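Below is the structure I would like to discuss, written out as structure tokens.
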Amino acid sequence: MDLDEAIHLKARDRIAFWFRVAGAIGGLAFIAWAFASSSWGSTWVIAMIGLIIVGGAVKYHLLTSIVRCPTCASRVVNLRISSPDVSKKLFLCGKCGSSAYLTEGLYWQREWSG
């Protein structure tokens, strides 16, 4: 299958987008609560904020790096972080040879790297 004929994993893109939105809202709400309740100086609050930031980033990266092949339903992994000028994260299935792509996982890369 040609890379131009790769299948867009729209459902996974939507899930990744809403995961990012929910994480941002939840993280900001937790930070607002920490400021409002004067708990900002507490060690466990700072640890929780760090855990939310690091854990959310790792979960988001895995969400946009491990997919099911749309043809044979086998697991396809692409943990690579692409350059900012790439518009698709490609997943090539080693089992059936088909290809799929995501776009959501690349938005944050363009925001932070260029």
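Go over the candidates Ala16, Ala29, Ala34 one by one and state the one that is touching a residue at least 12 places away in the same chain (Cβ under 8 Å), in a helix (DSSP H, G or I) and within 23 Å of the chain's Cα centre (by Cα).
Values: Ala29 fails: touching a residue at least 12 places away in the same chain (Cβ under 8 Å); Ala34 fails: within 23 Å of the chain's Cα centre (by Cα).
Checking each option against the conditions leaves just Ala16.
Yes/no per residue for (1) more than 26 Å from Glu5 (Cβ to Cβ); (2) part of a loop (DSSP other than H, G, I, E, B); (3) modelled with pLDDT under 90:
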residue	(1), (2), (3)
Ala47	yes, no, yes
Ile52	yes, no, yes
His61	yes, no, yes
Cys72	no, yes, no
Val76	no, no, no
Val86	no, yes, yes
Trp112	yes, no, yes
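Which condition from (1) closer than 23 Å to Ile15 by Cα; (2) in contact with a helix residue (DSSP H, G or I) (Cβ under 6 Å, 6 or more places away or on another chain); (3) free of Cβ contacts under 8 Å to residues at least 40 places away in the same chain is the one that Val45 breaks?
For Val45, the failing item is (1).
The values are calculated or read from the model by the stated rules, or taken from the named source; none is laboratory data. Here the structure is a predicted model, which means the values were calculated and not measured. Cβ: placed from backbone, ideal geometry, glycine included. Neighbour counts: every protein chain shown.
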